[in-house]
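Here is the structure we will look at, set down as structure tokens.
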Amino acid sequence: MLTLKIKRFQAEREPQGWIDIFSLEPRKGINLLEALLRIQDEQDGTLSFRYSCRGAVCGSCAMKVNGNVVLACRTHVEDLMEKPAFIEPLPYFPVLRDLMVDMSTFFTRYRELEPYLHGEPVSSHQEYFMDEDKRKEIDPYINCILCGICFGVCPAFERDLQYLGPAMLAKAYRFLIDPRDKRSEEILKIVDRQAGVWGCNTVFRCVKFCPKEVPPTHAILKLREKILKHRLSSILPFLSPRHK
Ligand code: SF4
Ligand code: FES
């Protein structure tokens, strides 16, 4: 028998927050998202949570399960059968309803980064040539699905909710090292602040929990190095910065 203790919140109810306990006999091999859908179908139609792809692609079903932040569609219920599993919404985001959080700050920061190539215009007959090694360096950062898990596990938010966050800093690094993007200085300026790369505690929790194996802390450390080299080069011009 699977037992889920779910932290609820519904603004129109009194009290607004409470814990519900649901039990079900799960089919073999189902994941937590499927279990939640069954509870919603059979026991409480008001239970609210986000999902779309059901296959670890859209990034919308992140939640806290027994203290770890995970994708529900990637969490096998077999791993939750030993004792009642405690399900909570993604930490550090305002809760809208039950397990649904407001991710607008996350996406506003993402948009502010202008996360697309700012390269020289090419005609429709041309193409950008990419060096194979450079592409391999960029690849791990392309896999981000914007699930917000790295925000939910990052201790820097306890200190500063304005912190840019692991996913944004990883994305900044991805464009900084892309030889097709011409924004080096601009990107370094965005991340060179206490709420940017200098706010990271370097505890690697984002790396550990990212479901797509994106390594944000590595990107942050490399960004710090690039910033320091860039500063040095302004006083020692022969150390010309090479970000790409
Ligand atoms: S870096 Fe990983 S954990 Fe963070 S938003 Fe992207 S996929 Fe999710
Ligand atoms: S439903 Fe899309 S990542 Fe889980």
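Couple of notes before you dig in:
- When each of Glu127, Glu225 is tested for being surrounded by fewer than 14 Cβ atoms within 10 Å (Cβ to Cβ), away from ligand 1 (no atom under 16 Å from the Cβ) and assigned to a helix (DSSP H, G or I), the lone residue that passes is Glu225.
- Residue in segment 154-168 that is within 16 Å of ligand 2 (Cβ to nearest atom), touching a strand residue (DSSP E or B) at 6+ places or on another chain (Cβ under 7 Å) and at pLDDT 95 or above present: no
- Of all residues in segment 37-65, those that are more than 10 Å from ligand 2 (Cβ to nearest atom) have Cβ atoms under 6 Å from Cβ atoms of residues that are at pLDDT 95 or above and open to solvent by 30 Å² or more (accessible area, probe 1.4 Å), 6 or more apart or on another chain, in Leu47/Gln40; Ser48/Arg97; Ser48/Met100; Lys64/Glu88.
- With respect to (1) within 14 Å of ligand 1 (Cβ to nearest atom); (2) in a helix (DSSP H, G or I); (3) among the charged types (D, E, K, R), the lone exception for Asp79 is condition (1).
- Hits in segment 130-151 (condition: assigned to a loop (DSSP other than H, G, I, E, B) and either in contact (Cβ under 8 Å) with a residue 60 or more places away in the chain or within 16 Å of ligand 2 (Cβ to nearest atom) (or both)): Asn143, Cys144, Ile145, Leu146, Cys147, Gly148
- Within segment 170-193, the presence of a residue that is near ligand 1 (Cβ under 10 Å from one of its atoms), outside any helix (DSSP H, G or I) and crowded, with 23+ Cβ neighbours inside 10 Å is excluded.
- Val203 fulfils the conditions (1) in contact (Cβ under 8 Å) with a residue 40 or more places away in the chain; (2) open to solvent by less than 10 Å² (accessible area, probe 1.4 Å); (3) within 16 Å of ligand 1 (Cβ to nearest atom); (4) over 26 Å from Ser52 (Cβ atoms) except for a single criterion, (2).
Conditions (1) modelled with pLDDT of 95 or more; (2) within 16 Å of ligand 1 (Cβ to nearest atom); (3) open to solvent by less than 30 Å² (accessible area, probe 1.4 Å), marked per residue:
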| site | (1), (2), (3) |
| --- | --- |
| Arg27 | no, no, no |
| Ser48 | yes, no, yes |
| Leu71 | yes, yes, yes |
| Pro89 | yes, yes, yes |
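- Residue in segment 119-128 that is farther than 30 Å from Cys61 by Cβ and touching a Gly at 6+ places or on another chain (Cβ under 9 Å) present: yes
The values are calculated or read from the model by the stated rules, or taken from the named source; none is laboratory data. Keep in mind it's a predicted model, so treat the numbers as computed, not measured. All Cβ positions, even for glycine, are placed from backbone atoms using ideal geometry, and neighbour counts span all protein chains on display. Surface areas here come from the heavy atoms of the whole protein model, side chains and all, with no ligands, DNA or RNA. Shrake-Rupley method; radii C 1.70, N 1.55, O 1.52, S 1.80 Å.
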